[in-house]
Each structure stands twice: as C-alpha cells, then as structure tokens.
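Written below as structure tokens is the structure these notes are about.
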Amino acid sequence: MNIEKLVRKNIRALKPYSSARDEFTGFAEIYLDANENPFPTAYNRYPDPLQRELKTAISSIKNIHPARIFLGNGSDEPIDLLIRSFCEPHSDAILITPPTYGMYKVSADINAVNVQEVPLTATFQLEVEKILNAIDHTTKLIFLCSPNNPSGNLLNTDDILKIVGTFNGIVVVDEAYIDFTDFPGFLQELNQYPNLVILQTLSKAWGLAGLRLGMCFASTEIIDVLNKIKYPYNINASTQTLVLAKLKDETEIKKNVALILQQRELLRKQLTTIQWVKNIFPSDANFLLVRVADAKGVYTGMMKKGIILRDRSQVVLCENCLRITVGTPEENQVLIENMKSLP
Ligand SMILES: *Cc1c(COP(=O)(O)O)cnc(C)c1O
C-alpha cells in the first residue's frame, strides 16, 4: 500500500514551516536564533518541536520506535490532522460507526469533509459487511473506537483486522480507554499494517487530562505527514516537562486503574438493585452506559443533587441511556445513595 498516494495533493507538495529549533537541533552555549527573551523565566525558551525526550520515554513504555510516535495537544489534534492530511474538503469522506466519540464527525464537519455512518449492532459491535459495502472512492479514513465511547465495550479483534486488511485507506483505532482492559490493543499490529493508526491519550487512565497530551502511533510515512502539517510548537514546555515526570509513576497509575475497575464492578452491582435501572452494558472502560426508564428525569434529578452525569439518550442506539464515569469510592457511594433516593 502506497501511503503517500493517499495524502492530499497540496499536503504532499507542501513545504512545511521550519522553526529555529528545527534548523539547529544540537546543544550550544548561546542561542540567538529564535528571538526569545534571554532572561530566564523557566519558560523563556521555545520547547522541542518534536518532543524527543518525551517520545523516548513513551517509546520505552509502549515498546515502539520514537519515529512511529506523534504527540498532539490531546487526541483531538491527531484526529483533526489526519482528516486534513487525507481528506479533500467538499469531496472526500470519513466513515464512522455510531454511537461513537463525537469529535470524528465534528472535525470532519469543520473541514467540510463528508461523514459516512454505519451504526454498530445492538450489542455495539461492527457491521463489517455493511462497512465494506459503504466504502466508496471518496472514503479515505475509517474511525473505530475500542473500547468504544459511549458504550464502553471492546470491538471484536477479527472485525477490526478484517477492515484494516481490506480497506485501501487509513483505519484509525482510538484506544483512549485501552489501559482499563487486559486486552493489549493493536500496537503490535502496526508492523503488519502500514494503513493502521492508533490513538491513545494520557487524559483517562494516566489522570493527566489537564496537560493535554494525545499519542498517535503509526507507520513512519503517516507520522511524517502529521509532523509536516502540525503547529511548529504544538506541545508546550510545561506539558513536556510535567508529563516526563509523571511517566515515571506507572506503578501508581496501575494501582489507580485497579481501584477504578474494582469500583466499576461495585457500581454495577449496586445499580442492578435500583428498580428503574433497565440495563447496564458490559464495560471495558472507566464508565458504565446505563439504560434507565427516564434518562432525562434521572439526569435532571441528579443534577439538582449536584451530581453531573452524561445524558446520551439522544444518541443512536442509546435511547434512555446515561453514561456514568467511575469516581472515587466516596463519590460512587454518594452517587448510589442519591440515585436510590430518586423515585
Ligand atoms: C476522551 C476521549 C478522547 C480525548 O482524548 P484527549 O486526549 O483528551 O483529547 C479521545 N477519544 C475518545 C474515544 C475519548 O473518549
């Protein structure tokens, strides 16, 4: 598969901006090349545009070569950049499988890129044949989310591999919640599939949503395109420094994840005792999708008690469903007590 041929013509032809820190990457005594303020404030220097130290650390955690890593201002940045790299506005399309993460469609809409939709099955799995039939010459990117938001479940591995292996375009697997499952995800498949892109984030299991760091793993051809069109200094210096320090806490993170999973199952058990809870969907993530008798009523009732849930009842296949994030043990107890007090 020729990745370069999939890239938009203007992006292929683009001569990217070259920053001072791109043009000199070594170490020097005196830097007078970037019009920075010379007096130290801790942040007077531009950050590394390619985040080399951070990528080296992530490379050893994920066991993947740094040249196959792109870092973004949240996963939302690579989602946008992938659409801008591969989809011609007003003619090309992405394919999504609702109910799924909302940003794929929003990013496509912003970029005037069409959105083809093939809904999941009632058990939130892929309709592989329908997806393969829906693909046409305008389809450039397929976004799959596993574990899926808002349903919480992993998509079947064979289904994903069938699509990656068949489609002559880019398949993005969004693994924002992968650290909450024992399933290893698709990182080890990258060698085999040059058209596979994997998104992960530090916003969920790693507890660093406020720092904004999304990770994108793919073939070097794809990573090079993203680097070519990103803002020169897309990850700020404080995020690079703070994340580097936090990556050393992997054991603490794993402890937190284990507690969240234990709490998720406790929540599930307690929710089943509430008479107006109709269904709690299986979850491989840090949230539960719960079908209730009256989602709007529960949402509003809980809001009045100061507890905010996510009302997903307007989303396809999620009629009367609320998405509940697993909180601390104390928060979850307050949640259940307040839910039990609703009529
Ligand atoms: C939360 C979430 C993201 C967003 O991640 P950021 O790195 O915070 O931008 C991406 N994908 C899915 C499916 C999510 O649920």
- [ ] Can you tell me which residue among Glu88, Glu77 is within 26 Å of the chain's Cα centre (by Cα) and either exposed (fewer than 13 other Cβ atoms within 10 Å of the Cβ) or over 21 Å from Thr241 (Cα atoms) (or both)?
- [x] Glu88
TODO: Select from the range 156-184 the residues that are more than 15 Å from the ligand (Cβ to nearest atom), farther than 12 Å from Ile142 by Cβ and in contact (Cβ under 8 Å) with a residue 40 or more places away in the chain and list them in ascending order.
DONE: Phe183
- [ ] Considering (1) open to solvent by 10 Å² or more (accessible area, probe 1.4 Å); (2) of a type outside the set (Phe, Trp, Tyr); (3) part of a helix (DSSP H, G or I); (4) under 24 Å from Thr157 (Cβ atoms), say which one Ile222 fails and leave the rest.
- [x] (1)
Task: Options Thr241, Thr251: the member that is among the hydroxyl-bearing types (Ser, Thr, Tyr), modelled with pLDDT of 95 or more and either within 30 Å of Leu50 (Cα to Cα) or part of a helix (DSSP H, G or I) (or both) - done: Thr241
- [ ] Provide a single number: the residues in the range 315-343 that are in a helix (DSSP H, G or I) and open to solvent by less than 20 Å² (accessible area, probe 1.4 Å).
- [x] 4
TODO: Just need a number here: residues in the range 207-219 that are more than 20 Å from Arg52 (Cα to Cα) and either crowded, with 18+ Cβ neighbours inside 10 Å or more than 12 Å from the ligand (Cβ to nearest atom) (or both).
DONE: 0
Open item on the list: Considering only residues that are over 15 Å from Gly214 (Cβ atoms) and among the hydrophobic types (A, V, I, L, M, F, W, C), which ones fall in the range 51-60?
Closed with: Ala57
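The values are calculated or read from the model by the stated rules, or taken from the named source; none is laboratory data. Just so it is clear, the structure is predicted and the values come from calculations on it, not from any experiment. Note: ideal-geometry Cβ built from the backbone for every residue, glycine included; neighbour counts use all protein chains shown. In case anyone asks, the SASA skips ligands and DNA or RNA and just uses the protein heavy atoms, side chains included. Shrake-Rupley method; radii C 1.70, N 1.55, O 1.52, S 1.80 Å.
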